[in-house]
Amino acid sequence: MAAAGKAITLIGVPLEEGSGRGGCGMGPAALRIAGMGRALSDLGYLVTDAGDLRPEPASDLPAHQNANALDIVAAFTRALEHGTHAVAAAGGMPIILGGDHSLAMGSVSGMARHAAGLGRPLFVLWLDAHADFNSPATSPSGNIHGMPVAFFCGQAEFAPILPAGRPLVDPRHVYQVGIRSVDEEERQMIARHGVNVFDMRAIDELGISAIIREVLDAVTKANGLLHVSLDVDFLDPSIAPGVGTTVPGGATFREAHLIMEMLHDSDVVASLDIVELNPFLDDRGKSARIMVELTASLFGRRILDRPTRAA
Ligand SMILES: [Mn+2]
């Protein structure tokens, strides 16, 4: 993870149309109120808040019968692809404050272009209850927030949202952890393309540290960059109720913090999304605060120092 003193840029993405319901558009404001910027600057980073993203109009795209609000999602995707790439290319660390998970079409595509420019592979750690590997052809709902992984892997080219021939993510470099709700056709797509999936049963059986160690070893061995995409519904709804897609049996507070601490120690994280926070469904800011605490953990906050004991 980046040393203190490194530049971090917060990019707010008030996008909710990919989720099919209202509320996520207030996510960036809630994360700011919960102290995201302050938590990071207190750790010694140079934090710039770029404000909320201005979408780039996508009126060139015709409506799609099973990709809801395509024009709005595409407008944010285009702007965020540019915004994320610009921050990373300038040597900074982009942190995306969402917004629903369709925003990862833009953030991950921007990071894929950045990694390609460096000649290094991009890996993605997808912390989520859902695999988000649908396309309009397989999606039961047509909501685009269930499609971003297929999109940035080049398996959901249902509209010319970003240029064809852009850098894509190799699905074998995608690690999905915490998964517990997958549609049937989506399951087949994931298996066919070699996405690495660690569901909640794998976490129970192997322990989260062994899983994260495997991910980090793969990234390090390939000299890769790692993008982390954290969906509020990765966590158990008892600790993070502020999300529209709760699924029981999610990660615990300690499991989530351990992941963040291991990511910090690894020094391979290049960018981060915080997504699907719906303040309208939250309980007095509880979920917003836990997302800020987890982010602080990823950037080096420790509960206790761990001095090495003399023998
Ligand atoms: Mn998701």
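Only DSSP H runs of four or more residues enter the estimate; each adds -39500 (n - 2.57), and after division by the residues of the chain the mean residue ellipticity at 222 nm equals -11000 deg cm²/dmol. Structure remark: mean-square fluctuation, Gaussian network model of the chain, C-alpha springs under 10 Å; the largest value among Leu298, Leu61, Leu80 belongs to Leu61.
Shown in residue order for the range 65-81 are the 3J(HN,Hα) couplings computed by the Karplus curve 6.51 cos²θ - 1.76 cosθ + 1.60 at θ = phi - 60°: 6, 10, 9, 5, 6, 4, 5, 6, 4, 5, 5, 6, 4, 4, 5, 6, 4 Hz (x for Gly and Pro). Charged side chains reduced to their Cβ positions (Lys and Arg at +1, Asp and Glu at -1) give the range 179-311 a dipole of some 540 debye around its Cα centre. Using the Cβ-Cβ distance between Glu205 and Ala86 with R0 set to 41 Å, the FRET efficiency works out to roughly 0.45.
Near Ile161: Cβ cut-off under 15 Å, other residues only, Lys/Arg at +1 and Asp/Glu at -1. The net charge is -3. Net charge of the neighbourhood of Ser238, taken over other residues with C-beta under 15 Å away and scored Lys/Arg +1, Asp/Glu -1, is 0. Summarising the amide proton neighbourhood of Leu15: residues at separation of 5 or more, or on other chains, whose placed amide H is nearer than 5 Å comprise Gly99, Asp100.
In the Gaussian network model of the chain, springs joining C-alpha atoms below 10 Å, which of Gly165, Gly18, Gly92 carries the largest mean-square fluctuation? It is Gly165. Computed extension length for Glu56-Asp283: 78.4 nm, one decimal, from 0.36 nm per residue of separation with the Cα-Cα distance subtracted.
Comparing mean-square fluctuations of Gly91, Gly142, Gly20 from a GNM of the chain with C-alpha springs under 10 Å, the top value falls on Gly91. Other residues with beta-carbon under 10 Å from the beta-carbon of Asp100 carry, at +1 per Lys or Arg and -1 per Asp or Glu, a net charge of -3.
Each value in this text was obtained by applying a stated rule to the coordinates, not by laboratory testing. Just so we're clear, the structure is a prediction, and the values are computed from it rather than from any experiment. Here Cβ is always computed from backbone atoms with ideal geometry, including for glycine, and neighbour counts include all displayed protein chains.
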